[in-house]
Structures are given as C-alpha cells and as structure tokens.
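The structure appears right after this line, and notes come after that.
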Amino acid sequence: MVRDAAAEALWNRFKMATAAQHRRVERTFPILEPTLTRADYRFWLARLHGFYGPLEAVLDPWAPEMAIDWPARRKALHLQADLRHLGLSAEAIAALPRCAALPAVGELAAAFGVTYVLEGATLGGRLIARQLSARLAVVAGAGADFFNAYGDEVDARWLAFRLRLAAAVAAPELEARAIDAACDTFDALGNWLHAGLTG
C-alpha cells in the first residue's frame, strides 16, 4: 500500500494546483453567509443536486476500478433527503435543473481527479454542518444529511480515498491528468453555481 506520507504529499500538490479554482467556488457559494435563510439554503442544495446527480452518474462506470466503496460515497440521495425535509416533493426534485456541462471522464485518472473534488468537499462539510445547525436548526436526518454525509467516518474515508488516489496516479503523467480533471470539476461547479445566480 502507498505510504500515507506519499499520499499526503500528493494531496498537497492537488490542493496547490486547484487552489484558484477552489477559491472561485467558495466565492460563488455563500453557504456560510450570516444572512443565509432557509430559502437560500434550499436554493443552494437544489443547485448542488443538479450538479452531483449527473456527475455521479458519469462516475458510476468507473466505480469497480476506483475501488473506493463508491455507492456509500454518493451524495445525490442525501441532497434529495434534505430537499424533501425543506418542503420539496419528489416530483419537484426530479424537475430541478441538471448540469450538462460536466468534466470529461474518459480514463481512471480523470475519474479520480473528479472524485477528489467531491471527497474534498466532504471534509469541509463538517464545518458547514456545525454552522448550519446553529443558524438554521438543520441536522443530520433533518435537513443536513449532505453536509453530514459520512458522520464520524469523514477522516477514515478521506484517508482511504487519499491512498487509493495515490496508488492510481503514481505515474507523473497520470497525476497531471487527474489534476486537470480536478480543475475542470471545480470550474464546472463554479460555472453551474454562478449560473443559478444569473439565470
């Protein structure tokens, strides 16, 4: 198994290479704004659902090769549960806009690059979950399943993913392509979130 130190170094390279795209998403996604209302929260969950649902479908065929317990890592169902708690019917959720401008996933390295973005978001979800609980009274099982997706297993799941990522992109050219896919994913997410504000 790849040493954790190597996986940590790889994660740092991913983090640095995607920093600008990550910051753009954070600026576009005001989930921690003090003025956030429950209606605002529902709006942003709906936008996330429109991104995660189709993107997870693109990643599904790569699940056997990724070998990361993919079904347990999918988040669209959590978003659906949160939206139902916030008053949307199953029909309304099914009718929500879905992102079509998704990153290309034509190889395993790209699948890992895309999944890096989704898994990294789960790390930040813990902080967001605490803030939302205090401000909007939403918790796991009652409106905040998405941001509490892994419960107490966030660190263990992140470590497992980080090790698989390091093993899958050990060759420099594979790492480069995975990083490109991660940047494309951040860009696609940022564009999708921004379109919700302007369209």
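Please give me the summed charge of the neighbours of Pro103: other residues whose Cβ is under 13 Å from its Cβ, Lys and Arg +1, Asp and Glu -1. Combined, the nearby Lys, Arg, Asp and Glu give -4. In the chain, taking the dipole from charged Cβ atoms about the Cα centre, the farthest positive-side position among Leu48, Pro34, Val169 is held by Pro34.
Report the relative contact order of segment 4-198, percent, no decimals, based on alpha-carbon pairs under 8 angstrom and at least 6 residues apart. Don't skip to the answer; put the middle values down first.
Numbers: 199 pairs, mean separation 68.4, N = 195.
RCO, segment 4-198: 35 percent.
Each Lys and Arg contributes +1 and each Asp and Glu -1, all at the Cβ; summed about the Cα centre of segment 123-173, the dipole is approximately 140 debye.
When +1 charges are put on Lys and Arg Cβ atoms and -1 charges on Asp and Glu Cβ atoms, the dipole computed for the chain relative to its Cα centre reaches about 540 debye. Modelled this way, with points 7 Å down the Cα-to-C-beta line, the labels at Glu153 and Thr37 are 3.8 nm from one another. If you run the Gaussian network model on the chain, springs between alpha carbon atoms under 10 Å, then out of Ala46, Ala121, Ala166 the most flexible one is Ala121. Amide H contacts of Val139: Ala144, each under 5 Å away and 5 or more positions distant or on a separate chain (H built 1.01 Å from N in the peptide plane; Pro and chain starts excluded). In the chain, a dipole from Cβ-located charges (positive for Lys and Arg, negative for Asp and Glu) runs towards its positive end, and of Gly196, Val138, Ala67 it is Val138 whose Cα lies farthest in that direction. Rounded to the nearest Hz, the phi-derived 3J(HN,Hα) couplings of segment 14-29 under the Karplus curve 6.51 cos²θ - 1.76 cosθ + 1.60 (θ = phi - 60°) are 4, 4, 5, 5, 9, 4, 5, 5, 4, 4, 4, 4, 4, 5, 8, 10, where x marks glycine and proline.
Here the scattering of segment 49-199 is modelled by Debye summation over its C-alpha atoms, one equal scatterer each and no solvent; at q = 0.09, 0.11, 0.12 Å⁻¹ the log10 of I(q)/I(0) is -0.29, -0.44, -0.53. The HN-Hα couplings worked out from phi for segment 94-100 by the Karplus form 6.51 cos²θ - 1.76 cosθ + 1.60 (θ = phi - 60°) are 5, 8, 5, x, 10, 6, 9 Hz, whole numbers, x standing for Gly and Pro.
We did not get these values from a lab; they are worked out from the coordinates using the rules stated. These numbers come from a predicted model, not from an experiment. For neighbour counting, all protein chains shown are included, and Cβ atoms are generated from backbone atoms with ideal geometry for every residue, glycine included.
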